[in-house]
Amino acid sequence: MQRRIFLTLMAAAVTASAALGGAPIAQAADQVKIGFLVKQPEEPWFQDEWKFAEIAAKEKGFTLVKIGAPSGEKVMSAIDNLAAQKAQGFIICTPDVKLGPGIVAKAKADNLKLMTVDDRLVDGSGKPIEAVPHMGISAYNIGKQVGEGIAAEIKKRGWDMKDVGAIDVTYEQLPTAHDRTTGATDALVAAGFPKANIIAAPQAKTDTENAFNAANIALTKNPQYKHWVAYGLNDEAVLGAVRAAEGRGFKADNMVGIGIGGADSALNEFKKPEPTGFFGTVIISPKRHGEETSTLMYTWITQGKEPPKLTLTSGMLATRDNVSQVREQMGLAAK
Ligand code: GLA
């Protein structure tokens, strides 16, 4: 009996001394909990990001909480939920960059560290919120790689550029999407492609179905072209355009689409027995965006070392012929 009282007192003393000793920066690894919120959990890119975040969680020994947050309401409740679970921080690809000030305020109120991935938060005047650490792709340059890849293929096929229409699947409200498609357009024009042949096809949402609808309108309105090319913010956008073109009889011989991403949406296309109009993709790194961001957040929580304010990752163009080699060079496993 006496021994039990003694032990209870000891336990209370230990708790009190920890509380009085100030918040220790380093926490036991098993107490670290990190949220990873993504806007489109059904998209293979985001599934890959989560997969790599899990690898970091296993390696460092923290708990990863994956949450799909396709709307502003979902984001806000997910952040509260993380705080209730005693998480210390989270990484987010937001469904809308304009939620920026709201997300920053919510994270602060809930005392959670915040880092963004893929889509950078903007403030009320549309400027990036530079105080929040961010990892994104170097969007304009990657777009240029897309445009250069398309131009090279047009030349290789000996097409007369005046007979080629370009479907530019746009999503202007997202800065990284704007920068990617602008880069592609600039590269095409620099290669001699007539600007007038570039048709903007605005998509209402960043998925294949909405890109398909947008591309269909562009195709219907422009029956004069013999061949087509297409680009957009990601593989899904270009797949939508490729499917729309197929519906009108423009197959691999008369369509060159180059996407951005390199996850399963693109890989499945390359695995089909016959080539399709989905000619290539600029592979970007879900490993860096998932594993590295999570590790940076972990270090921030456990050592108080804040991640770099801005990290921009690069990509490599891959086609059906060299996709395995390119994946390998980028440190991505064979699939
Ligand atoms: C955006 C796009 C995704 C993916 C990432 C990469 O979030 O919507 O499809 O391309 O950027 O950073």
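Name the single residue that is farthest from the chain's Cα centre (by Cα) among those in region 123-141 being of a type outside the set (S, T, Y), surrounded by 19 or more Cβ atoms within 10 Å (Cβ to Cβ) and not in a helix (DSSP H, G or I).
Top of the filtered list is V132.
Of all residues in region 194-247 being among the aromatic types (F, W, Y) and touching a residue at least 60 places away in the same chain (Cβ under 8 Å), which is nearest to the ligand (Cβ to nearest atom)?
Residue satisfying both the conditions and the ranking: Y231.
When region 72-82 is examined, which residues are found to be surrounded by fewer than 18 Cβ atoms within 10 Å (Cβ to Cβ) and touching a residue at least 12 places away in the same chain (Cβ under 8 Å)?
G72, K74, M76, D80, N81
Based on what the data block shows, is A109 away from the ligand (no atom under 13 Å from the Cβ) and not charged (D, E, K, R)?
Answer is yes for this residue.
What number goes with the only condition from (1) under 25 Å from Q40 (Cα atoms); (2) out of contact with any strand residue (DSSP E or B) (no Cβ under 9 Å at 6 or more places or on another chain); (3) in contact (Cβ under 8 Å) with a residue 24 or more places away in the chain; (4) not hydroxyl-bearing (S, T, Y) that K271 does not pass?
Here K271 meets the rest and fails (3).
Can you find, within region 272-329, the residue that is most open to solvent (accessible area, probe 1.4 Å) among those that are under 30 Å from T63 (Cβ atoms) and in a loop (DSSP other than H, G, I, E, B)?
Ranking the qualifying residues of region 272-329, first place goes to K305.
Is it true that some residue in region 86-103 is in a strand (DSSP E or B) and either open to solvent by 30 Å² or more (accessible area, probe 1.4 Å) or polar (S, T, N, Q) (or both)?
Taking every residue of region 86-103 in turn, none turns out to be in a strand (DSSP E or B) and either open to solvent by 30 Å² or more (accessible area, probe 1.4 Å) or polar (S, T, N, Q) (or both).
How many residues, within region 29-46, are touching a helix residue (DSSP H, G or I) at 6+ places or on another chain (Cβ under 8 Å) and not in a strand (DSSP E or B)?
8
Would you say A318 is within 16 Å of the ligand (Cβ to nearest atom) and outside the structural domain of T116 (by the TED database)?
In short, yes.
The values are calculated or read from the model by the stated rules, or taken from the named source; none is laboratory data. The structure displayed is predicted, hence computed values, not measured ones. A quick note on method: Cβ atoms are made from the backbone with ideal geometry, for glycine too, and the neighbour counts reach across all protein chains shown. The accessibility values were calculated without ligands, DNA or RNA, using every heavy atom of the protein model including side chains. Shrake-Rupley method; radii C 1.70, N 1.55, O 1.52, S 1.80 Å.
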